[in-house]
Structures are given as C-alpha cells and as structure tokens.
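The block underneath contains the structure these notes are about, expressed in structure tokens.
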Amino acid sequence: MSYLLHIDSSSLGEASVSHQVAQSFRDQWQGPVVHRDLAASPVPHLSAAGITARITDPAQHTPEQAKAATLQDELIEEFLGAGAYLFTVPMYNLSMPSVFKAWLDQIIVTDRTLIFNGTSPVAGRPAVLISARGGGYGPGTPNEGLDYVVPTLEAVLGHDNLLGLDVTTVIPELTMAPMAPALAPLLPLHEASMAAAHDQARYLATAIGTPRAA
C-alpha cells in the first residue's frame with residue numbers, strides 16, 4: 001500500500017494555522033502517512049554539488065556530489081512513492097517558506113520527476129495544498145495580486161508540463177485578525193474562513209480516500 005506524503009513547512013509547529021488545518025485532514029485520513037517537517041529538519045538549499053551531480057557519472061562524483069546525490073535520491077524516492085500529497089505551506093512575506101522552496105529544488109529533477117517530452121511519473125495524483133495567511137488576498141481586497149505563494153505552487157505542483165499533480169488548495173485567511181487591533185472588524189470573516197478551511201480539509205481527506213498505489 002502506498003502512503004500520504006505530508007510535507008510541512010511552518011516554523012510555528014502546532015501553533016501554525018496551516019498545520020492545524022492540515023491536522024483536520026490528517027485526523028480524517030484513512031491510511032499510512034509519511035510526515036516530513038522541514039522546519040524541524042530542513043533540507044539544505046540546492047548547491048553546486050547537487051546540480052552538477054545530476055549530470056556527472058556517479059563513478060566520477062566528488063565526496064560533495066555523492067553526499068548531495070544521496071540526499072536527492074532519498075527525497076525523490078520518498079516523493080515518487082506516495083499516492084497522495086499534503087503540503088502545509090503558509091505565506092511568509094508574500095511568498096513560501098524558504099525551507100519548502102529548498103525541498104522543491106531538491107526533488108524537481110529532469111528525467112526523474114520532470115519529463116520534458118512526456119508526463120511526470122506523479123501526474124494526476126491527488127494533492128492538497130494548505131496555505132494560511134495573515135491578511136486577505138482575494139479579488140477586491142487591498143492585497144489582491146500580492147499572493148506569490150498559491151499561484152506559484154499551483155503552477156509548479158500542478159501544471160501539466162511540470163509535476164502535474166491534481167492540486168486542490170485550502171486557504172485559511174485573516175489569521176492576524178485575533179491579534180491585530182486594526183483587523184478586529186474582520187474577525188467574523190476570519191472565523192468563517194477558519195471553519196470553512198477545516199471543513200474542506202476533512203472533506204478532501206474523505207474524498208481522496210486511501211491513496212492509490214504508486
């Protein structure tokens with residue numbers, strides 16, 4: 001049986017709204033889970049050794065290239081082995097946490113997870129992206145157009161020419177409303193967004209069900 005791969009990137013751990021909504025998904029999920037907490041155990045950013053190791057005969061690897069290749073192999077095999085995915089990626093300063101970008105750069109490798117003249121080996125597998133943010137960034141809000149997390153990740157994770165996952169996004173918004181006096185009038189909207197996010201997460205866990213064999 002395959003597994004759900006949960007890639008978690010919030011620095012706040014259990015206090016993270018993204019993590020809390022992901023937990024609602026996990027509580028409803030039936031099946032095995034592999035959880036990688038990138039904040040607790042970050043993977044290194046892609047180095048020159050990691051890049052050159054991909055195009056160098058393994059027999060000719062330097063010690064640095066061999067170490068980098070071993071890490072990439074571990075992360076890629078873990079990624080390819082999953083039948084479904086849960087990504088916990090909050091908005092930090094309009095973008096994704098750097099630890100998640102580092103993980104992406106390690107696992108997106110030509111002819112392994114990215115196929116230029118074909119489809120990715122994970123294409124079509126279900127994925128849930130949970131991305132909380134302190135404000136509101138939807139149409140008509142003052143911050144419209146400033147969300148560089150969800151559009152980027154929906155493209156990288158879901159575009160047919162990239163990883164091709166079947167991505168559904170859950171967005172809990174206005175998470176600063178309980179703490180910032182200026183946002184107090186938006187507290188009801190925040191509470192509604194939170195309730196909807198938890199409900200959607202639980203629904204998706206049931207709808208996706210036990211992951212398909214990889």
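The values are calculated or read from the model by the stated rules, or taken from the named source; none is laboratory data. Fair warning: this is a prediction, and the values are worked out from it, not measured in the lab. Here the Cβ positions follow ideal geometry from the backbone for every residue, glycine too, while neighbour counts run over all protein chains shown. Surface accessibility is based on the protein's heavy atoms, side chains included, excluding ligands, DNA and RNA. Shrake-Rupley method; radii C 1.70, N 1.55, O 1.52, S 1.80 Å.
Among residues belonging to the range 33-43 that are of a type outside the set (G, A, S) and open to solvent by less than 70 Å² (accessible area, probe 1.4 Å), point out the one that is farthest from A84 (Cα to Cα). Steps first, please.
Kept after step one, since they are of a type outside the set (G, A, S), are these residues of the range 33-43: 33-38, 42-43.
Within this subset, residues satisfying the condition of being open to solvent by less than 70 Å² (accessible area, probe 1.4 Å) are 33-34, 36-38, 43.
Details: V33: 10, V34: 10, R36: 14, D37: 17, L38: 18, V43: 21 Å.
If we take residues in the range 33-43 being of a type outside the set (G, A, S) and open to solvent by less than 70 Å² (accessible area, probe 1.4 Å), then V43 is farthest from A84 (Cα to Cα).
Residues V150, V156, V170: which one is within 17 Å of the chain's Cα centre (by Cα), surrounded by 13 or more Cβ atoms within 10 Å (Cβ to Cβ) and touching a residue at least 60 places away in the same chain (Cβ under 8 Å)?
Exactly one of V150, V156, V170 is within 17 Å of the chain's Cα centre (by Cα), surrounded by 13 or more Cβ atoms within 10 Å (Cβ to Cβ) and touching a residue at least 60 places away in the same chain (Cβ under 8 Å), namely V170.
Return the residue satisfying two criteria in turn: it lies in the range 15-32 and is open to solvent by 50 Å² or more (accessible area, probe 1.4 Å) and touching a helix residue (DSSP H, G or I) at 6+ places or on another chain (Cβ under 9 Å), and of such residues it is modelled with the lowest pLDDT.
If we take residues in the range 15-32 being open to solvent by 50 Å² or more (accessible area, probe 1.4 Å) and touching a helix residue (DSSP H, G or I) at 6+ places or on another chain (Cβ under 9 Å), then Q30 is modelled with the lowest pLDDT.
Restricting the first residue to the range 177-190 and requiring it to be closer than 17 Å to N143 by Cα, which pairs with a second residue that is of a type in the set (V, I, T) and open to solvent by 80 Å² or more (accessible area, probe 1.4 Å) meet a Cβ separation below 7 Å and a spacing of at least six or different chains?
none
Run down A123, A127 and say which single residue is aliphatic (A, V, I, L, M), open to solvent by 10 Å² or more (accessible area, probe 1.4 Å) and in contact (Cβ under 8 Å) with a residue 40 or more places away in the chain.
Values: A127 fails: open to solvent by 10 Å² or more (accessible area, probe 1.4 Å).
The conditions single out A123.
Quick check on the range 107-119. Is at least one of its residues open to solvent by 10 Å² or more (accessible area, probe 1.4 Å), over 16 Å from H6 (Cα atoms) and in contact with a strand residue (DSSP E or B) (Cβ under 9 Å, 6 or more places away or on another chain)?
Yes, the conditions are met somewhere in the range 107-119.
Please state which one of A48, A82 is small (G, A, S), within 27 Å of H198 (Cβ to Cβ) and either touching a residue at least 24 places away in the same chain (Cβ under 8 Å) or surrounded by fewer than 22 Cβ atoms within 10 Å (Cβ to Cβ) (or both).
A82
Which residue, of A197, A214, A184, is at pLDDT 95 or above and of a type in the set (G, A, S)?
Every option except A197 fails the conditions.
Considering only residues of the range 1-10 that are assigned to a loop (DSSP other than H, G, I, E, B) and within 27 Å of A69 (Cβ to Cβ), which is farthest from the chain's Cα centre (by Cα)?
In this case the residue turns out to be S2.
Hey, can you tell me all the residues within the range 85-111 that are among the charged types (D, E, K, R) and either free of Cβ contacts under 8 Å to residues at least 24 places away in the same chain or out of contact with any Leu (no Cβ under 8 Å at 6 or more places or on another chain) (or both)?
Residues of the range 85-111 among the charged types (D, E, K, R): 101, 105, 111.
Answer for the range 85-111, where residues must be among the charged types (D, E, K, R) and either free of Cβ contacts under 8 Å to residues at least 24 places away in the same chain or out of contact with any Leu (no Cβ under 8 Å at 6 or more places or on another chain) (or both): K101, D111.
In this structure, does G135 turn out to be of a type outside the set (V, I, T), closer than 27 Å to W29 by Cβ and in a loop (DSSP other than H, G, I, E, B)?
So G135 does not fit the description; no.
Let's see how each residue does on (1) part of a loop (DSSP other than H, G, I, E, B); (2) within 22 Å of W29 (Cβ to Cβ); (3) modelled with pLDDT of 95 or more:
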{"position": "F87", "(1), (2), (3)": "no, yes, yes"}
{"position": "P90", "(1), (2), (3)": "yes, yes, yes"}
{"position": "T141", "(1), (2), (3)": "yes, no, no"}
{"position": "P151", "(1), (2), (3)": "no, no, yes"}
